[in-house]
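The values are calculated or read from the model by the stated rules, or taken from the named source; none is laboratory data. Keep in mind that this is a model prediction, so the values were computed, not measured. Here the Cβ is made from the backbone with ideal geometry for all residues, glycine too, and neighbour counts use every protein chain on show.
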Amino acid sequence: MKTFLALVVFALQAVAVTPVFALEEARLHISGGGSPNELIFRSGQHEGYYKQEGIELLPIVAGMLPGIQALIAGAMDFSQIGGQGAGAILRGAPLKIVMIFDTRPANWLVGCKSIQKLEDLKGKKQVGVSSFGAALDQMTREILPKHGLDPQRDVVLRSITRSSDRLPALLTGSVDAAVLSATDTIKAKEQGCHVLLFYGDELEFISGGVVVNNETLTKRQDFVRRFLRATLKSFRWFKTNEKGATALMRQYGKLSAADAATVHKMVIPIYSRDGTIPRNFQERMIALQTANLKIDKKIIPEMVYDFSIVDSLNRESGK
């Protein structure tokens, strides 16, 4: 009898066990350093949005240019870096921007203690940007002339590809000024550095979102759709859930509660409404970037952007 009962219990347990299916890995190139754009993806991890779509998110920190090169080669599935991604597309890389986070740059030009205003940069002072040709480099070359500084003659732009390396370079004196994220700007100010200008006041520019290889987009469309559905949920959550978003900033950005709340309030106004931008904005971005990169050929928005999946997901959710 005991043997029979044991067999019954074993059989019931076997029936009750739910099969475990392997999640599909999504290798995501991120900037690191706890930037708000990076934390949009992190929020999806914490809230379980990617796992709900059968995806195991694998965030991989890499420099902007190496990460985009890895995306082109198929070693990454997606990239966060919209600015460098757009630059690569304009040069012929087989990529598409399929989602947009920010419509204005959440970056600040910050000077070390001896650089208190923009004019102090004259005289070949070194300014840390990202990879040459990437978003921060393009934006800096666009903004400085508006303030009477020639980016070729008055300053020396220095490539520091990893965003997490620019603040240490500034604090140690390796550069005289650097383009920093909101998180690093607060840390720099605490060390006596000076904010010289806010890029978001100067121009429209896309720096964060989702970039994908054309082959992945066409041959693995269901995978891309599931990834974007989870990312769109994460994007909405990050924008509307201040308590949760600031908790992530404290964890990944090493910020105090007050500073994290400040960063959240700083970046939310520059985010897109639904993960896309209108066609006229796309055209303005292409015109700006082709001028900065000295690309002399006709580029239409369809060659750079494809928001068809995100548009469909927004309709699906009624947003």
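Numbers at a glance
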item	result
Among the residues listed as L157, L180, L170, the single one being surrounded by 24 or more Cβ atoms within 10 Å (Cβ to Cβ), over 24 Å from P94 (Cβ atoms) and out of contact with any Leu (no Cβ under 7 Å at 6 or more places or on another chain)	L170
Matching residues, segment 26-56, being over 14 Å from S164 (Cα atoms), assigned to a strand (DSSP E or B) and in contact (Cβ under 8 Å) with a residue 40 or more places away in the chain	A26, R27, L28, H29, I55
Strands (runs of 3 or more DSSP E) enclosed by segment 120-194 - at least 3 residues per element that are closer than 17 Å to S31 by Cβ and not assigned by TED's automatic domain parsing to the domain that holds L65	177-181
Members of segment 189-214 found to be small (G, A, S) and crowded, with 23+ Cβ neighbours inside 10 Å, listed by number	S207, G208, G209
Test: residue in segment 11-30 that is at pLDDT below 95, in the same structural domain as R226 (by TED's automatic domain parsing) and closer than 28 Å to E202 by Cα	yes
Long-range neighbours under 7 Å by Cβ, at least six apart or interchain, first residue part of a strand (DSSP E or B) within segment 205-225, second of a type in the set (F, W, Y)	G208/F101; G209/F101; V210/F78; V211/F78; V212/F78
So T240, is it in the same structural domain as L95 (by TED's automatic domain parsing) and within 25 Å of G318 (Cα to Cα)	yes
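A quick yes/no check of all residues on (1) under 23 Å from L180 (Cα atoms); (2) of a type outside the set (G, A, S):
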{"position": "N37", "(1), (2)": "yes, yes"}
{"position": "Y50", "(1), (2)": "no, yes"}
{"position": "G54", "(1), (2)": "no, no"}
{"position": "L57", "(1), (2)": "no, yes"}
{"position": "V61", "(1), (2)": "yes, yes"}
{"position": "G82", "(1), (2)": "yes, no"}
{"position": "A88", "(1), (2)": "yes, no"}
